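Down below is the structure, laid out as structure tokens.
The values are calculated or read from the model by the stated rules, or taken from the named source; none is laboratory data. Keep in mind that what you see is a predicted model, and the values were worked out from it rather than measured. Because the Cβ atoms are built from the backbone with ideal geometry, glycine has one as well, and the counts that use them run over all protein chains shown. Quick note on the areas: whole protein, heavy atoms, side chains included, nothing else; ligands and nucleic acids left out. Shrake-Rupley method; radii C 1.70, N 1.55, O 1.52, S 1.80 Å.
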Amino acid sequence: MAVDYDYMERALCLAKLALGHSSPNPAVGAVIVNNGLIVGEGYTQPPGSAHAEVMALRQAGEGAKGGTMYVTLEPCCHWGRTPPCTQAIIAADIGEIHLAMLDPNPLVSGRGKAQLEEAGISTFLGEHEEQAREINQAYAKHITTGLPLVIAKFAMSLDGKIATPTGDSKWISNEESRRYVHCLRHSVDAVMVGVNTVITDDPQLTARVGRGGGSPEKQPLRVIVDAKGRTPPAAQVLQAPGETLLAVAKGLAKVKVKEFTSLGAEVVELAARDNLVDLTELLKVLGKRGVISILAEGGGTLLSSLFEQGLVDRVIAFVAPIIIGGREAKTPVEGRGVDKVAEALHLNRVEVTRFGEDVMISGYIKKEVVD
């Protein structure tokens, strides 16, 4: 059985190559083995192109007959932009198939596995299921709720500051941490910040990594939450490669809307809550357009609103071994906060990673279970 896990681990590595490219489809990896040799492998191509299983079958050719397939997600059994993968697997005469997890898509959810079994293909479920779920956590949330996965990310000093009292924040985290953030941006569909961050820091919010670093071919959608349309026309987010969406409150002056659209930005007008853009409605809009993952990078007002409204799924915090101090220095999460420590949000599945002297703490918001 150890050999089986090796092949599934290879499939999981392939699946990770699809992150940032396959959305809104899941990121899947597939490996075909025959007579102890890998004869075909593949991962999900961009929407409208071949899925992982088909890519692996194409590479394997006749070598797929009687072979064993290892795939990180249950093959689809319905027509979408492409034909069902189950049909291709059956037609290739695969002998057995190992699935890391079932597809949470209600159109599949066990039906793909059943079709394969009805065709006489032996199926095995559950190898490295936890890792497979981690890779497709955004897909799973989006396909079942219509909403994107929201990751709150911030970098702070040891005393919990994201900037000095004068507003200077470059750089709290080190270069190694910042490189990892670019990898995070590359893996998500959208990066979201509040307008104060744009005014104060003038960030580009691009993913400068790998072969597509800085180019328009693969950039996350930049989402600026800006109720009153205060984004400066010269802001880098309006000039950088890729697309920018400004979420503003309904009733914004038409001249403002025209100015932003003339600069290439998309303007979405939404209802306001307490003079701020309704973030729940914004997430619904983004979900409908196929955005399945968002990296919310601040500032404190935006993050506090997301936390208070229960919209955050995961937290990634970088802690640098520096002390900033200052009563007026900004903190990563502002807002009202809680009255008692017992009311604080808790993380589970916590992981700690070192980036040089920086420490990254990541985890998932512990959701209350209602009977």
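What residue, of ILE162, ILE151, is at pLDDT 95 or above and touching a strand residue (DSSP E or B) at 6+ places or on another chain (Cβ under 8 Å)?
Values: ILE162 fails: at pLDDT 95 or above.
Sole residue among the options that is at pLDDT 95 or above and touching a strand residue (DSSP E or B) at 6+ places or on another chain (Cβ under 8 Å): ILE151.
With the condition kept exactly as written, say whether any residue in the stretch 300-313 is without any contact (Cβ under 8 Å) to a residue 24 or more places away in the chain and open to solvent by 100 Å² or more (accessible area, probe 1.4 Å).
no
So, ARG133, is that one basic (Lys, Arg) and within 21 Å of ILE365 (Cα to Cα) or not?
The answer is yes for ARG133.
Looking only at residues that are at pLDDT below 95 and in contact with an Asp or Glu (Cβ under 8 Å, 6 or more places away or on another chain) in the stretch 277-298, which one is nearest to ARG222 (Cα to Cα)?
GLY290
Please go through the stretch 85-134 and give me each residue that is within 18 Å of TYR43 (Cα to Cα) and hydroxyl-bearing (Ser, Thr, Tyr), ordered by number.
THR86
Looking only at the stretch 268-297, how many residues end up being under 16 Å from VAL191 (Cβ atoms), buried (at least 16 other Cβ atoms within 10 Å of the Cβ) and of a type in the set (D, E, K, R)?
Counting residues in the stretch 268-297 that are under 16 Å from VAL191 (Cβ atoms), buried (at least 16 other Cβ atoms within 10 Å of the Cβ) and of a type in the set (D, E, K, R) gives 1.
Only one of ALA234, ALA240, ALA227, ALA207 is loosely packed, with under 15 Cβ neighbours inside 10 Å, in a loop (DSSP other than H, G, I, E, B) and of a type in the set (A, V, I, L, M); which?
Within the list ALA234, ALA240, ALA227, ALA207, the selection yields ALA234.
Among the residues of the stretch 174-204, how many are open to solvent by 30 Å² or more (accessible area, probe 1.4 Å), free of Cβ contacts under 8 Å to residues at least 40 places away in the same chain and within 16 Å of ALA234 (Cα to Cα)?
4
For GLU343, only one of the following conditions fails: (1) of a type outside the set (A, V, I, L, M); (2) under 18 Å from the mean Cα position of the chain (by Cα); (3) over 27 Å from ALA249 (Cβ atoms). What is its number?
(2)
Would you confirm, using the coordinates I've provided, whether GLU74 is charged (D, E, K, R), modelled with pLDDT of 95 or more and either open to solvent by 60 Å² or more (accessible area, probe 1.4 Å) or not in a helix (DSSP H, G or I) (or both)?
yes
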